[in-house]
1. What is the Cα centroid distance between the stretch 43-59 and the stretch 70-84, reported in whole angstrom?
2. May I ask you to evaluate 6.51 cos²θ - 1.76 cosθ + 1.60, the Karplus curve with θ = phi - 60°, for each residue of the stretch 346-358 and list the ³J(HN,Hα) values in order in whole Hz, giving x for glycine and proline?
3. Let's test the formula: R0 of 25 Å, r as the Cβ-Cβ distance of Val274 and His7. What FRET efficiency results, to the nearest 0.05?
4. Run the simple label-point estimate for Val374 and Cys281 please: 7 Å along Cα→C-beta, distance reported in nm.
5. Accessible area per residue of the stretch 31-85 at 1.4 Å probe, in Å²?
6. Going through the stretch 1-50, which chymotrypsin sites (Phe, Trp or Tyr not before Pro) have at most 13 other Cβ atoms within 10 Å and a DSSP loop state?
7. Could you give me D for the stretch 203-257, from Stokes-Einstein at 4 °C and 1.567 mPa s, where the hydrodynamic radius is the Kirkwood radius over C-alpha pairs? Units µm² s⁻¹, please.
8. Using helices alone, I'd like the mean residue ellipticity at 222 nm for the chain: each DSSP H run of four-plus residues gives -39500 (n - 2.57), total over residue count, nearest 500.
Amino acid sequence: MSKVIQHPLVRIFLAYALGVMAAMTVSEAVTELGAIANAFHVYDHGKIGMIMSLPSLMVALGALGAGYIVDRAGDRVVLLMGAGVIVAGDVLVVAAPVFHWLLLGRVVTGIGYVLTAVAAVTLLIRITTGKQRNMAMALWSTFVPASFLLPFLSAGIAEHFGSWRAAFLAHSVLTLALATLALVSLPRRTSAEKAQFSRTRGLSSVLRSPWVYLLGISFGADAFLQTGIISTLAPWLSQRYNVPVVEVAHWNVMAMICNGIGCLLVGYLLNRGVRAVLIGCCGLLITGVPALAIYLLPLGFAVSIAASWLFMFGSGLLVGMWALAPVVAPSRESIGATSGLITQLTLVGVFLGPPLFIVAQNSASTSPITLLVVCGLVVCLTGIPIWLRDVTSHPGREGNGSPQDSLKIHS
């Protein structure tokens with residue numbers, strides 16, 4: 001048993017799974033928003049959106065700070081600490097007697113989210129090399145869409161337990177179980193690794209680089225669209241086509257799978273010489289057309305669901321551009337800080353998307369929600385200068401120095 005739990009693939013899975021649990025602090029609330037609002041008699045759409053978005057705000061504000069803590073205390077220590085904070089936040093949410101206490105619990109889970117997510121990706125980089133790192137990073141780019149799978153699959157189950165609180169309890173139990181396995185499986189840092197795998201080295205040069213901001217802002221815009229649409233799609237289609245919300249949520253599982261396929265496909269295409277600008281432009285088109293069609297055209301329920309799958313696939317192509325993070329890194333030593341800032345900018349979009357889309361969804365016309373989609377697509381265009389750059393020559397590459405090796409490791 002000890003040999004199995006120490007296997008490299010098991011270690012990769014545990015780090016990734018804890019990252020998914022961290023991102024699930026956002027998605028676990030999606031299918032329970034209505035029940036929570038009714039339980040606490042909260043009917044302000046902005047406040048309802050905050051239930052989902054508060055954890056993302058913590059990441060948007062604290063990713064670089066969490067990177068500093070990881071650098072000082074170690075990725076394994078912070079990963080386990082973050083998992084513990086997530087569990088504490090879930091417990092506070094479950095026990096909350098009033099709405100303000102629930103929001104406080106969501107803030108606590110958000111702190112756990114940022115600590116866990118930053119530590120998990122740092123640990124993955126540390127324990128992998130070469131082609132295995134390529135696999136690990138491709139897998140990591142799917143951790144946000146993967147976090148929606150379980151909530152959508154289990155939509156409606158909490159009702160059988162009599163309360164929305166069952167969803168948060170289940171999340172805390174699963175997080176605690178994974179953290180216990182990680183405690184036994186994941187290796188501590190060596191002295192050499194402490195110096196090599198830093199998320200804050202070269203921070204000043206990263207903060208002065210416009211390229212990092214452009215890539216991060218494009219990711220933030222994509223995350224804004226993705227989380228905003230997916231958090232409002234079920235009630236929107238339910239009202240428009242008279243279909244139960246739970247049924248729409250179950251169909252959304254396939255949308256998450258399509259998003260993951262899009263993420264993984266980017267590394268495959270880049271490794272085979274497909275230009276990043278072609279992938280990015282296709283991603284924008286495949287993202288934008290279905291999203292606008294869902295809100296502007298009377299497609300019918302089945303076609304709308306298919307359009308949402310296509311939208312999520314295109315969105316996956318855009319978020320899969322994590323492969324280009326080394327292209328914008330000012331130096332090899334600053335790749336950690338680069339990924340920290342990109343993560344922070346991405347989660348700004350995750351924070352803003354759900355509340356703004358929820359408010360727009362409840363408008364009398366489709367104009368506000370259409371405007372949000374168009375604005376998100378326009379901001380995604382900030383990634384074009386990065387897509388046009390030569391991905392085969394950048395300071396952040398690793399391996400034997402060959403262009404293909406560079407792509408294989410970072411895609």
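1. Their Cα centres are 26 Å away from one another.
2. 4, 6, 4, x, 4, 5, 7, x, x, x, 5, 5, 5
3. Working: r = 33 Å, r/R0 = 1.32.
Efficiency at R0 = 25 Å is approximately 0.15.
4. With each label placed 7 Å out from Cα toward Cβ, I get 2.3 nm.
5. Working: 2090 Å² over 55 residues.
Ligands and nucleic acids excluded, the figure is 38 Å² per residue.
6. Numbers: sites: Phe13, Tyr16, Phe40, Tyr43; in loops: Tyr43.
Qualifying residues, ordered by number: Tyr43.
7. Numbers: Rh = 13.5 Å.
The Stokes-Einstein estimate is 96 µm²/s.
8. Values: 21 runs with 325 residues, N = 411.
Counting only the DSSP helices, I get -26000 deg cm²/dmol.
The values are calculated or read from the model by the stated rules, or taken from the named source; none is laboratory data. No experiment lies behind these values; they were computed from the predicted model shown. For neighbour counting, all protein chains shown are included, and Cβ atoms are generated from backbone atoms with ideal geometry for every residue, glycine included. Calculation scope for accessible area: heavy atoms of the full protein, side chains included, ligands and nucleic acids excluded. Shrake-Rupley method; radii C 1.70, N 1.55, O 1.52, S 1.80 Å.
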